[in-house]
Amino acid sequence: MIIARKIEQLKTLLAKARLSGHKVGLVPTMGYLHEGHLSLVETIVPYVDLVVMSIFVNPTQFSPSEDYESYPRDLEKDIKRAESAGVEIIFSPSVREMYPKGYQSFIHVDKVSEGLCGASRPHHFRGVTTVVGKLFNIVQPDFAVFGEKDYQQLVVIKQMVKDLNFPVRILGSPIIREDDGLAKSSRNVYLSPEQRRNAPLLYCTLQSVKDAFEGGERTGKTLVEMTRQALDIPEVQIDYIELVHAESLQPLQGKIHSQPVLLALAVYMGSTRLIDNIRLQ
Ligand code: AMP
């Protein structure tokens, strides 16, 4: 396992690997690794010869009021976990390495960035696409993988790759959950014991609305309202609940026919923001 902290060091390593004909896979993360992150490695391994994982808490995707400073970090533990999952190179740059003094360029993806998390976190996706675009240029991976837990992020990255002709193939990877259904997330450590006890309600609700959908309920507005009612407890503050087309992310309010549909939500439990989603078709 190699830990690269400098862009030039990583580029030299990867140039050698590419000369030997190795296909390179990239797993971008912010670290504090859990099984969700490690499952991304499993997803990409069959496609590539060498897995690079980036571990970088990216300041440009946090607003000043968000948890950039307090975001959990544990590089030592991450290195051990990543190595046992099959990662060959960790790229863990400093903020100055990625955004040197005088930095002023950003990537903006339009429509698919605007709704859902983009509505309540207006600069978030600009930060995500910028850092991922930079990582693509630095690593030049053949494949990169993103989790469906951050479903909108996956759609935004696919759009960016298509529009800006990045020569990389994007893989999606299913959501990994705790035994009680809570989607694994580095931010789950923020939950108090009581919030943690209530948190499985999110997935439980998504599943019961999926059951209603499969039982014949096809009105977008009704499905959203069912979700809202099930989450109407004092411990949960709803940021958004939306039923959207799974590719365009445009809201679906009326009758759903054969289009691919995603039910997505974000809530606060105390000051912790949790997101989850489920495909209905
Ligand atoms: P993060 O470190 O939270 O920025 O996440 C890095 C990558 O891991 C993103 O592509 C996430 O979608 C993915 N990821 C995080 N949690 C999960 C999970 N529970 N299941 C699947 N993928 C996940």
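The values are calculated or read from the model by the stated rules, or taken from the named source; none is laboratory data. None of the values given here were measured: they were computed from a predicted structure. In this analysis, Cβ positions are derived from the backbone assuming ideal geometry, glycine residues included, and neighbour counts consider all displayed protein chains. Accessible surface is based on the protein model in full, side chains and every heavy atom, while ligands, DNA and RNA are left aside. Shrake-Rupley method; radii C 1.70, N 1.55, O 1.52, S 1.80 Å.
Write out, first by first residue and then by second, each pair whose Cβ atoms fall under 6 Å of each other, whose residues are 6+ apart or on separate chains, and whose first residue, in the range 94-117, is at positive phi while the second is of a type outside the set (D, E).
The qualifying pairs are L116/Q152; L116/A264.
Any residue at all in the range 111-119 that is away from the ligand (no atom under 11 Å from the Cβ), part of a strand (DSSP E or B) and in contact with a strand residue (DSSP E or B) (Cβ under 9 Å, 6 or more places away or on another chain)? Steps first, answer last, please.
Step one: filter the range 111-119 for residues away from the ligand (no atom under 11 Å from the Cβ), giving 111-119.
Filter once more, so that each one left must be part of a strand (DSSP E or B): none.
For the range 111-119, residues away from the ligand (no atom under 11 Å from the Cβ), part of a strand (DSSP E or B) and in contact with a strand residue (DSSP E or B) (Cβ under 9 Å, 6 or more places away or on another chain): absent.
Select from the range 233-270 the residues that are surrounded by 15 or more Cβ atoms within 10 Å (Cβ to Cβ), among the aliphatic types (A, V, I, L, M) and outside any strand (DSSP E or B) and list them in ascending order.
Selection gives V236, A246, L249, L252, I256.
Could you please let me know if Y203 is outside the structural domain of K16 (by TED's automatic domain parsing), of a type in the set (S, T, Y), out of contact with any His (no Cβ under 8 Å at 6 or more places or on another chain) and in a helix (DSSP H, G or I)?
Spelling it out, Y203 is indeed outside the structural domain of K16 (by TED's automatic domain parsing), of a type in the set (S, T, Y), out of contact with any His (no Cβ under 8 Å at 6 or more places or on another chain) and in a helix (DSSP H, G or I).
State yes or no: is E42 modelled with pLDDT of 95 or more, within 16 Å of the ligand (Cβ to nearest atom) and out of contact with any Phe, Trp or Tyr (no Cβ under 9 Å at 6 or more places or on another chain)?
When the stated conditions are applied, E42 passes them.
Of the residues in the range 142-165, how many are away from the ligand (no atom under 14 Å from the Cβ) and within 22 Å of I90 (Cβ to Cβ)?
Adding up the residues that qualify gives 1.
If I175 satisfies every condition in (1) within 16 Å of the ligand (Cβ to nearest atom); (2) aliphatic (A, V, I, L, M); (3) outside any loop (DSSP other than H, G, I, E, B) but one, which is the exception?
Tallying (1) within 16 Å of the ligand (Cβ to nearest atom); (2) aliphatic (A, V, I, L, M); (3) outside any loop (DSSP other than H, G, I, E, B), I175 fails exactly one: (3).
Quick check on R187: is it out of contact with any helix residue (DSSP H, G or I) (no Cβ under 8 Å at 6 or more places or on another chain) and either within 10 Å of the ligand (Cβ to nearest atom) or open to solvent by less than 50 Å² (accessible area, probe 1.4 Å) (or both)? Give the steps one after another, and end with the answer.
Working: out of contact with any helix residue (DSSP H, G or I) (no Cβ under 8 Å at 6 or more places or on another chain): yes; either within 10 Å of the ligand (Cβ to nearest atom) or open to solvent by less than 50 Å² (accessible area, probe 1.4 Å) (or both): yes.
Here the answer is yes, as R187 does meet what is asked.
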